[in-house]
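Please read the structure below before turning to the comments.
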Amino acid sequence: MRYAYYPGCVAQESGKELDLSTRWVCRKLGIELVEVPKFSCCGSGFLDEANLTLNVALNARNLALAEKQGLDILTICSTCQGMLSFSNLQYRKPEMKTRVDGALGQLGIHYSGQTKVTHLLEVLARSVTPEKLAGLVVRPLRGLKVGAFYGCHLLRPADELRSESAEEPHSFEEIIRALGATPVYYRGRVMCCGFPILFVNPASANRIAAHQIEDAKSHGADAMATPCPLCHISLDGYQNHASKAAGHDLDMPIFHLPQLVGLALGASPEELGLPRHLVATEAAIAKIGQVAVPA
Amino acid sequence: MPTGELLTIPFDVYRYDPADGSTPRYARYTLELAPHTPVLTALLRIRSEIDPSLALRYSCRSAICGSCAMLVNSKSRLACQTQVGPEFAEHGRIVIDPMSNQPVIRDLVVDQSPFWKEYERIVPHLILDPMHPMPEGRPTSMSPAQVARFEETPRCIACGSCYSACPAVAADPAFPGPMALAKLYRFVVDPRDTASQDRLMRIQPGGLWTCLRCHLCTSSCPKDVRPSERIRDLKEMAIAAQGATERGSRHAVGFKDNIAERGLLNESKLVRQTDGIVGMIGQIPQGLRMLRRKPEILRAPHAIEGQDEVQRIYELLEDAGEDGT
């Protein structure tokens with residue numbers, strides 16, 4: 001397994017722990033991550049609102065960079081996954097293709113439209129497989145009840161993304177089970193985290209985040225896990241605001257997907273960047289039993 | 001699933017009658033059904049064979065009238081268009097609730113007035129120039145390309161599934177909801193309409209920019225109207241026509257300018273671009289909390305290799321309008 005690694009902006013900055021834990025897990029699983037220092041931002045669902053053509057062109061450049069190396073792209077962010085896939089489809093529309101090719105052609109960039117974009121969750125679920133992953137677990141996460149939180153852009157629109165399902169996915173829960181933890185099913189797992197309007201309509205964003213966290217909690221989750229660093233910002237970074245919206249302290253640890261995998265495969269909390277979270281993860285880790293609570 | 005096989009399916013149906021003073025509850029009904037039976041057919045059997053007091057809306061039974069929208073295992077769906085087999089296979093039972101985001105009148109019947117109020121608010125008809133009534137002065141016919149711009153939206157049957165599924169409506173009742181915005185799009189792009197700019201201006205404050213782009217409206221729509229994609233188009237048209245006049249559009253344009261500098265997002269700078277210096281002050285406590293754990297947030301990100309290519313793409317396409325012109 002060899003991919004052009006697309007960490008996205010947040011995992012290179014405030015969500016650095018996601019990049020750290022991805023690298024740790026991929027080393028362990030023999031997934032080769034090829035660095036592409038020329039990759040730019042995916043547009044994050046904001047750039048296209050300002051200028052769709054520009055966004056598609058930037059991503060056609062990204063997709064062309066991978067194509068040139070004969071590699072498919074591995075994302076670790078639901079939004080990057082969504083925006084690169086969306087751009088790949090937009091690029092197939094004849095008028096868009098003409099405009100984008102016109103610009104990229106001037107830079108000597110050619111994209112044939114063949115690059116596939118895959119999220120780490122899909123690689124774990126379909127290529128590594130939960131069975132193989134379960135066989136590699138050295139520290140089963142027994143006793144930990146985890147609510148998966150998919151992130152909208154990994155799932156919808158399902159026909160565009162060719163995702164497993166728009167509203168009833170299972171891959172994340174299968175991974176959680178393979179790691180020895182217990183998946184918690186709740187409606188919020190496929191809902192929005194509020195991030196897209198966190199800086200536009202913060203009161204509503206905080207209510208939405210609070211709602212999903214409370215939903216997970218009321219179904220018994222000790223922790224939540226997400227394959228999207230933007231969901232992580234909303235659910236972890238701004239959980240104090242969500243708590244205010246809820247009227248009480250939500251106290252819900254939020255793991256990045258590869259952090260949860262890494263814990264089960266034997267990484268230390270430090271190797272996975274867990275001390276960087278704003279909501280402490282120690283209590284959740286303590287529930288596993290086999291793991292010492294970090295000082 | 002093979003035909004002929006009957007499944008024993010438990011239904012947990014939301015029951016509530018404000019008139020009798022009781023609290024909402026779920027009633028369990030169990031039916032033997034073929035897997036391809038529509039949920040609506042099952043509910044009508046419950047009403048005719050078990051409990052005639054069950055209240056629900058329905059009419060055509062053919063996904064045309066839009067009356068029977070409800071929550072089927074928490075998903076906004078038309079009951080007549082949803083088969084029991086896959087729902088039972090997924091959940092082991094079928095839970096039926098009334099639509100969300102609208103008050104319950106009784107059982108599965110909701111008061112749709114919030115939904116219709118938003119529809120009225122967007123003025124859902126062509127606004128023509130009174131000085132130049134058709135046929136003179138305005139085009140009376142459209143080219144196939146012009147019609148193609150809104151070919152999906154007239155399919156809407158106003159069932160309310162999208163309004164029920166929308167988390168932005170749940171969080172902020174001022175948000176018009178997906179259906180009203182998709183309808184609005186249809187009139188904004190209609191070349192015969194004289195009020196397109198006015199429509200774009202009026203919808204922005206407290207309206208357009210609260211959309212989360214979660215696409216739950218698009219996945220719940222029984223007619224594939226794809227409201228979330230039309231809302232995206234409206235946002236781009238609003239910026240192209242009127243610039244960054246709202247916090248939401250400032251965020252989008254700020255994001256665009258932000259990426260131009262290094263090819264990657266400068267997170268802390270984006271807050272300033274959206275909120276201005278005064279707004280930044282309000283973010284200081286949160287910034288300090290994050291800084292303790294994530295010290296690098298103050299540092300500007302590195303520029304990507306080949307940033308000159310990104311800048312060149314911006315130069316070539318930055319002025320491209322919503323339709324690329």
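The values are calculated or read from the model by the stated rules, or taken from the named source; none is laboratory data. Owing to the predicted nature of the structure, the values given are computational and were not obtained by experimental measurement. Virtual Cβ from ideal backbone geometry, glycine too; neighbours counted across all protein chains shown.
Of B:GLY254, B:GLY263, B:GLY248, all but one fail to be within 9 Å of chain A (Cβ to nearest Cβ) and either touching an Asp or Glu at 6+ places or on another chain (Cβ under 6 Å) or at positive phi (or both); the exception is B:GLY263. The single condition among (1) over 30 Å from B:GLU87 (Cβ atoms); (2) free of Cβ contacts under 8 Å to residues at least 12 places away in the same chain; (3) within 14 Å of chain B (Cβ to nearest Cβ) that A:LYS132 does not satisfy is (3).
Do any strands (runs of 3 or more DSSP E) entirely within the range B:65-117 hold 1 or more residues that are crowded, with 20+ Cβ neighbours inside 10 Å and at pLDDT 95 or above, and if so, which? If you could, list the steps in order and put the result at the bottom.
On the way: elements: B:69-72, B:75-78, B:94-97, B:104-106.
It comes to B:69-72, B:75-78, B:94-97.
Out of curiosity, is B:GLU305 surrounded by fewer than 24 Cβ atoms within 10 Å (Cβ to Cβ), within 7 Å of another protein chain (Cβ to nearest Cβ), modelled with pLDDT of 95 or more and touching a Leu at 6+ places or on another chain (Cβ under 6 Å)?
Working: surrounded by fewer than 24 Cβ atoms within 10 Å (Cβ to Cβ): yes; within 7 Å of another protein chain (Cβ to nearest Cβ): yes; modelled with pLDDT of 95 or more: yes; touching a Leu at 6+ places or on another chain (Cβ under 6 Å): no.
So B:GLU305 does not fit the description; no.
Only a single item in (1) under 19 Å from the mean Cα position of the chain (by Cα); (2) within 19 Å of A:CYS77 (Cβ to Cβ) is not met by A:PHE199, and it is number (1).
Just checking, does the range A:218-240 include any residue being surrounded by fewer than 19 Cβ atoms within 10 Å (Cβ to Cβ) and within 14 Å of A:PHE149 (Cβ to Cβ)? Looking for residues that are surrounded by fewer than 19 Cβ atoms within 10 Å (Cβ to Cβ) and within 14 Å of A:PHE149 (Cβ to Cβ), one finds at least one in the range A:218-240, hence yes. Of all the numbered requirements in (1) touching a residue at least 40 places away in the same chain (Cβ under 8 Å); (2) more than 29 Å from the chain's Cα centre (by Cα), B:ARG57 misses one, and that requirement is (2).
Please go through the range A:64-89 and pick out each residue that is touching a Ser or Thr at 6+ places or on another chain (Cβ under 6 Å), surrounded by 24 or more Cβ atoms within 10 Å (Cβ to Cβ) and part of a helix (DSSP H, G or I). Passing the criteria: A:ALA66, A:THR79, A:GLN81. In the set (1) of a type in the set (A, V, I, L, M, F, W, C); (2) in the same structural domain as B:ALA168 (by TED's automatic domain parsing); (3) touching a Gly at 6+ places or on another chain (Cβ under 8 Å), the condition left unmet by B:ALA34 is number (2). Annotation: of all residues in the range B:222-231 being crowded, with 20+ Cβ neighbours inside 10 Å and within 10 Å of chain A (Cβ to nearest Cβ), the one that is farthest from B:ARG149 (Cα to Cα) is B:SER228.
Find the residue count for the range B:107-121, including only residues that are in contact with a Lys or Arg (Cβ under 6 Å, 6 or more places away or on another chain) and either hydrophobic (A, V, I, L, M, F, W, C) or on the phi < 0 side of the Ramachandran plot (or both). Before you say what the answer is, go through the steps one by one.
So in the range B:107-121, the residues in contact with a Lys or Arg (Cβ under 6 Å, 6 or more places away or on another chain) come out as B:107, B:109.
Those still in the list that are either hydrophobic (A, V, I, L, M, F, W, C) or on the phi < 0 side of the Ramachandran plot (or both) too: B:109.
Looking only at that region, the number is 1.
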